[in-house]
Structures are given as C-alpha cells and as structure tokens.
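To keep things clear, I will list the structure first and then write my remarks on it.
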Amino acid sequence: MYTQAMDLAPKDERTALRSIEDAQREEHFEARIAQGDFIEAKDWMPDHYRKTLVRQISQHAHSEIVGMLPEGNWLTRAPTLKRKTIALAKVQDEAGHGLYLYAAAETLGTSRDQMFAALHSGRAKYSSIFNYPTLSWADMGVVGWLVDGAAIMNQVPLTRCSYAPYARAMVRICREESFHQRQGFESLLVMMKEGTPAQQAMVQDAVNRWWWPSLMMFGPPDADSPNTAQSMRWGIKRLSNDELRQKFVDACVDQAKLLGVSLPDPDLRWNEARGQHDFGAIDWAEFWRVVGGHGPCNTERLAARVSAWDNGAWVRDAALAHAARQAVREQAA
Amino acid sequence: MSAGTPPAALAAPAPAQAEWPLWEVFVRPKAGLDHKHCGSLHAADAAMAVQLARDVYTRRQEGVSLWVVRSSDITASDPGDKGMYFDPMADKVYRHPTFYELPVAVDHM
Amino acid sequence: MAAAAATGSIALELTQSLRYVLRLADTALIHAQRLAEWCGHGPVLEEDIALTNLALDLLGQARALLTHAAALHGGGLDEDSLAFLRSEHEFFNLTLVEQPLRKASAHAPGGDFADTVLRNFLLATWFKAVWLGLSTSTDAELRGIAVKAVKEARYHQQHAGDWVVRLGDGTAESSGRLKAALARAWPYTAEMFVCDAVDTAAQLCGLGPARDTLRPPWLNEVTEVFTLALLVVPADTPFISTGTTGRHSEHMGFILAEMQVLQRQFPGGRW
C-alpha cells in the first residue's frame, strides 16, 4: 500500500543524458544492492533512486499522520477507560511513525517543511484508505484488524529495503505496530463473543464497509503497476501488489471465521487447486475516484492537516524567537 | 527586564516560517551500556530537544539517559574516503588475540 | 460489574472521603479528556506526541483513583461505571478543566495552544502539591498512587512551564495570546484553594491535605515561571467556580454527552 507512490508515479524519470562515469557508478550501485548491501545517506546514489525514495518515504509518512485522523475521531468517545487509553497510545504511535519516516526522508536532502508543503498543496499523496470515515466504535477495531493488518504485510518486507535509514525506521515501526493489530482484533473479539446483538451488528456493518477498501490498500493490479520491477531491484518492494493482496485475503478468512463475522464477498471461496482463496472483482473505479481526491473524506482530512499546521505557525515561530533570544543572552553572559 | 514592562524586543516578529533545527538522539538503554543513536527529531532548543526525545523515543522504557546533538554539529567521515580510512586496518591482524598461537595450557590468556 | 439500571445513571452514596478522592479523579479525567482533543492536531508532530503522553499520564491517574473510589464506595462499582454512568452533579472536578482547550463548539469558541500549556502548568503545579501532600496519607492506596503520580506531575510541570516561558517571552503574538489565556484561566484557579467541609474532614483524619494548604507552594512556583514568562500574577477576584461541589459550567454537559455516549447507547455492552 505504501508503495502506491511508485505505482502511480510517471513511468520513467531518468534524464536522457548520463555521463559514462554516472553509468558506471549506477552499475556498481545496482551490484551492491543485488548483493544485499545497504545504502546509507551519504553514499552516491542515482538521482532516480533518490527521488523515488523521497516520494515513497514521505508519502508513507503522510499516510501515518493523516491516518491519525479517522481514529482520532473516537478518542473522546471511547466506551471504557481502558479502550480510551489503548486508542490514545495507538494514535500516538502513528504520529511517531510519521516522525521516524520524515526523519528518514530528510536524510535524502528534503526537509520536513517541504514535505508538509507538498502534502498540504495536494501534490503529495497518502494512502487512500484514510479517506474513508470511521462511523462507529466498531470501525476502530476493524481498522486495527484490517488496515493495520494490511500495513504490517507491507511493512515487514520494507525492513530489508536497500536504503538503510528507511529500513531502520521500518524495524522500529514494525516492533511498535504489532500491538496495533492485536488490540483491534481483541476489541472485535470481545464485542462479537460477549457483546450485545446491537454490538455484533455494529461490528458486521463496520466489516462490510472496510473490507473492499482494505483490499484496495495493496494498490492497483500488477498489470497496472509499471514500476514494480524497478522497485523490486532496489529492494523497496519484495512482493507484488497482487501477491500481497492474496496473502492478506487468505489470512483474513480464518480470522473472520474466528470472529464470527462474514466478509462481504459472495465470490470468496477456497480454491483447492491453487491452495488459496478466490475472491470477487474489486471496483477499481472506486479506487481511482478516491485516489483522485473524490473519496468520502479527502477534503476534510487535508483541511484538518492544513488547519493544524497553519494554526500552529505562531507556536513554532514563538519557540524559535525565544530560542534565538536565549542564545543571545547566553553569549552575553 | 522587569515583569510587566513589555520589552522592546517583543515588538519585532520572529523570523516567520523558519524551520526548527534537526537534532540526533542517543539513548542509553541501561546503566553500563553506551548511548546508542536511535533517530532524530525537530526542536527549537536543547531543553526542548531532550524533553521531546523522552516523549518520542523512550515510551517503551527504551532508556535511562538521553543525549541530543544538533545534526549540524555532527562531523562524519566521507564515504568516499572509506577505502583509505578503513581498508588499511584489514591487514593488521596482529592486533587481534587470535593471531597468537599458544599451548593449550596457557591459551586462556 | 455494576447491576446498574439499563440506560439510567447510577447514583452514589457520597461520604466526605469519597468526595475528596473523586475531586482528584475527576479533575484528572476531564483534563485528560480535553487534552485528547489535540491528538492529530498539534502544532508540531513532536509536541502532539508529548501532549498525548500528558493525557495518558492523567488518564492513568484517573483510573487508579476511580478504581480506588469504586472500592471505597462498594456495591460492585468500577472505574468505568463511575466514568460513564454518573450524572453531572456527581462529578467533582475543578471547573477549570471543563473550559475549552482546542475545539470550538456550537455554543462556545475554542481555546488555543496558549490556553493548553498554561492550564497544563497551573494544574501540574497543583497536582504536584497534592501528590506530595498525599505521600503521607493514612490511606495506603492513595499513598501508592501519589508516589507514582508525583513523578508524572514533575515532568508535566517542567514541560508545560518551559512552554509558558517560550510563549511569554517569544513573539508579540504568543505573548498576547498567553496573556489572554491567563485572563481566562486565572479566575478558575481560586477553586483550587477553597477549604470546605470535605477538605477539613480529610485533613483531620489524615486522608490528605486541605486545598488551602496548597496555595503557598503553588503560588511560589507559578510566580517563578510567570516572571520568566513576563507575566504578571493577576489580582484575586471574588469569582469562585463550584465544580468541586458538583455544580459545573455549561461545558460539562457537552463533555459528558460525548464521553459517555457509547455506554448509554449500548446498555449492558461489553468492550
């Protein structure tokens, strides 16, 4: 899902002219990666690699930050103090994940302010799943189960990405992420196994709304993802969109059975020959509509981020002004 | 400056929209171990950097001590110099204890 | 689990000691509730994380105190029945924590970051004095909570105090906003130091300090930071808020409606 950036980027951004030196450097660079070597911030890298990673990492970071909003919606309405505590810690982690990723992107020569400017102007994207609304408390559990579940599937391979600052950030993120999915699943389990019929209906309704968007999180079908080969060579992508999506479906079917919820796909069935589940056709028109800015919450999500940033300008400026004044005082002392 | 008299300096606005500097964070996991680099963050001053490092990087009891350093204060070796800096160490094996063969009776040295 | 009426509120049998504990629990709870509004909307990512840490600390304190209050009360109550099924007049938080902190509502303008850091500072300084006083409580459970909570209050005070100074001695805009925040908040601090029958009883039986004993250390520490923040300690006025007696501001109804909605909507629900 977080490789959506590369899937949707223009096919080839290489400049036509390269010096012989650069061509040699690039060959050596690709050889290093093929050996499983890590690239660090100050190492030589092709411009195309740098640009792709800045886009990929920053859009991953944006996804974490925007991802705080749908769940942030329910912090003040959590049904028990324990759930409120857990939800706060989870959304807080997402801020932290965004932070680690912005830091990793900054090692490539961009700044956090520049990345925010790209997000706020609409130039940069974030994972389209976060353009859907959280309409009930059960959505919180389903987001943890399905959305974080899909994220984990994408994130584990990224811990072996060739660009080491990104890989290290992903290691940190994966360590923190496992509680995110577990808490969501556990919350659903309690509601389904011990809850009232009204709670069970709330859970099933949430599953019905989040299932298909979760499948779309893995990006367009392989046939429509032109940059997969390059990303795989660079170790940014290890499995294709369709491979990951299939893995996800297979895992979720058993989990859904355990919960006692049905998945809203009449074509979902076990295929003995393939050893995997067949599933129904995804509505790609909806995917492109949401990615294109016309999903249920695109406008609100971006407005919330822009508002937080703009309203915070005087705070950031005050801190800098005070720091400058303190520095002068310390010098004079 | 007496409290209550607005100082003249406040009248001039701060450099608007300037970015908070970047700081590298080092955490000592427990007494006896070294501080280890764990990431970076933005802060306006050193006191803030230490507090934010605590809030961002030690929520899971990752440490007992924090260092923060402005990223711009770090001097790093040039990756281009990797060969001349680090390859010459490869053939100085006499610095390692395993280079020296001793009878079994005294090999614990 | 309390055998409470399906959707109705529970009604408490209130003793002086219970009121004393609930004042602290509810102040921590409602302040945490307000602070949670900042999650995802902070001025800086790092500070967003820091504010949520403050909220989590306060929520933890609230939970420990509510659990203790439930045990003191008996009758099968727990932290959640107290938080989600009490009615407004049986909450005993300081009115200060009900005031807007960030979000505007249909009937009132919102607050800003200056309101937030100032309130965090004033409250943390107060809570620190409370926890220090409770470290010699005759109630072992309260002592245990206090020993842990005082460390949290110290950090909150340092973090928030530093921000008060930054804003007060920052730019003309931040200074103006901080002064406005102070004008809004100060009248509500008088309630922090009222000594009523509940306080007197607590002091007499060694449960905890009466509120008026907290004022000298509080004012000292507040004045110190205010000086660095170029703020003048405002004059006292006759205004006294009354949240600690169960009579709240108009904001409380909205806070509880939002906080309690799911338990009311799903009676008997399991979460």
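Every number in this text was worked out from the coordinates using simple rules, so none of it is lab data. Bear in mind that the values here come from a model prediction, so they are computed numbers and not experimental data. Note: ideal-geometry Cβ built from the backbone for every residue, glycine included; neighbour counts use all protein chains shown.
Cross-link partners among lysines for A:LYS42, C-alpha distance below 24 Å, same-chain residues fewer than 8 apart left out?
A:LYS51, A:LYS237, B:LYS36, B:LYS82
With all distinct Cα pairs included, what does the Kirkwood hydrodynamic radius of the range A:223-333 come out to in Å, to one decimal, could you say?
Kirkwood radius, the range A:223-333: 19.6 Å.
What's the FRET efficiency of A:ALA333 with A:SER111 using the Cβ-Cβ distance as r and R₀ = 45 Å, to the nearest 0.05?
The computed FRET efficiency comes out at 0.90.
In percent, how large is the relative contact order of the range A:240-333, given Cα pairs closer than 8 Å and 6 or more residues apart? Can you show the working numbers first?
Numbers: 30 pairs, mean separation 12.4, N = 94.
Taking the mean separation of contacting Cα pairs over the length of the range A:240-333, I get 13 percent.
According to the Cα gyration tensor, what semi-axes, each the square root of 5 times an eigenvalue, does the equivalent ellipsoid of the range C:2-265 have, listed from largest to smallest in whole Å?
29, 22, 17
Scattering from the C-alpha atoms of the range B:18-106 alone, worked out with Debye: what is log10 I(q)/I(0) at q = 0.10, 0.11, 0.25, 0.26 1/Å?
Ignoring solvent entirely, the Cα scatterers give -0.47, -0.54, -1.14, -1.19.
Report the residues of the range A:93-115 in range of a label on A:CYS174: point 7 Å along Cα→C-beta, backbone N strictly under 20 Å from it.
A:93-105
Set the Förster radius R0 to 56 Å, insert the Cβ-Cβ distance between A:HIS28 and B:ARG28 as r into 1/(1 + (r/R0)^6), and round the FRET efficiency to 0.05.
It comes to 0.90.
Give the span of chain A's Cα atoms along each principal axis, as three whole-Å numbers ordered largest to smallest.
67, 59, 34
Measuring from centroid to centroid over Cα atoms, what is the spacing of the range A:212-233 and the range A:40-111 in Å?
So the two Cα centres are separated by 21 Å.
Between Rg and the Kirkwood Rh of the range C:209-271, both from Cα atoms, what is the Rg to Rh ratio?
Reported Rg/Rh (Cα atoms, Kirkwood Rh): 1.20.
Counting Lys and Arg as +1 and Asp and Glu as -1, each charge on the Cβ, what is the dipole of the protein assembly as shown about the Cα centre in debye, to the nearest 20?
The calculated dipole for the protein assembly as shown is roughly 600 debye.
If you average the sequence gap of Cα pairs under 8 Å that are 6 or more apart and divide by the length of chain C, what percent do you get for the contact order?
24
So what is the calculated 222 nm ellipticity per residue for the protein assembly as shown, using -39500 (n - 2.57) for each DSSP H run with n of 4 or more, over all residues, to the nearest 500 deg cm²/dmol? Don't jump to the answer; show the numbers that get you there.
On the way: 26 runs with 388 residues, N = 713.
Theoretical 222 nm ellipticity from helices: -18000 deg cm²/dmol.
Tally Lys and Arg at +1 and Asp and Glu at -1 over the other residues with C-beta under 14 Å from the C-beta of C:THR244: what net charge comes out?
Residues near C:THR244 contribute -4 overall.
Taking only the Cα atoms of the range A:101-187, how large is their convex hull per residue, in Å³? List each step's numbers first, then the result.
Details: hull volume 9.1 nm³, N = 87.
Convex hull volume per residue, Cα atoms: 105 Å³.
Please give, to one decimal in nm, the separation of the simple spin-label points placed at C:THR136 and B:GLU62, each 7 Å out from Cα toward the Cβ.
Those two pseudo-labels are separated by 4.1 nm.
How about the range B:40-74: which trypsin sites (Lys or Arg not before Pro) there lie in a loop by DSSP and see at most 11 other Cβ atoms within 10 Å?
Passing sites in the range B:40-74 are B:ARG60.
Taking just the alpha-carbon atoms of the protein assembly as shown, what radius of gyration and Dmax come out, in angstrom?
28.1, 91
Just to confirm my numbers, what's the Cα centroid distance between the range B:67-89 and the range C:18-73 in Å?
45
So if I take the alpha carbon set of the range C:94-215, get Rg, then get Rh from the Kirkwood formula, what is the Rg over Rh ratio?
Using Cα coordinates only, the ratio equals 1.04.
So, R0 is 60 Å and r is the distance between the beta-carbons of B:THR98 and C:LEU72; what FRET efficiency does that work out to, to 0.05?
After rounding, the FRET efficiency stands at 0.35.
When A:LEU101, A:LEU244 are ordered from fewest to most other Cβ atoms inside 10 Å of their Cβ, what list results?
Ascending number of Cβ neighbours within 10 Å: A:LEU244, A:LEU101.
Over the range A:102-236, what is the mean sequence separation of C-alpha contacts under 8 Å (at least six apart), divided by residue count, expressed as relative contact order in percent? Before the final figure, lay out each step's value.
On the way: 105 pairs, mean separation 42.3, N = 135.
Across the range A:102-236, relative contact order equals 31 percent.
In nm, to one decimal, how far is the modelled label at C:ASP212 from the one at A:ASP250, with both set 7 Å along Cα→Cβ?
7.4
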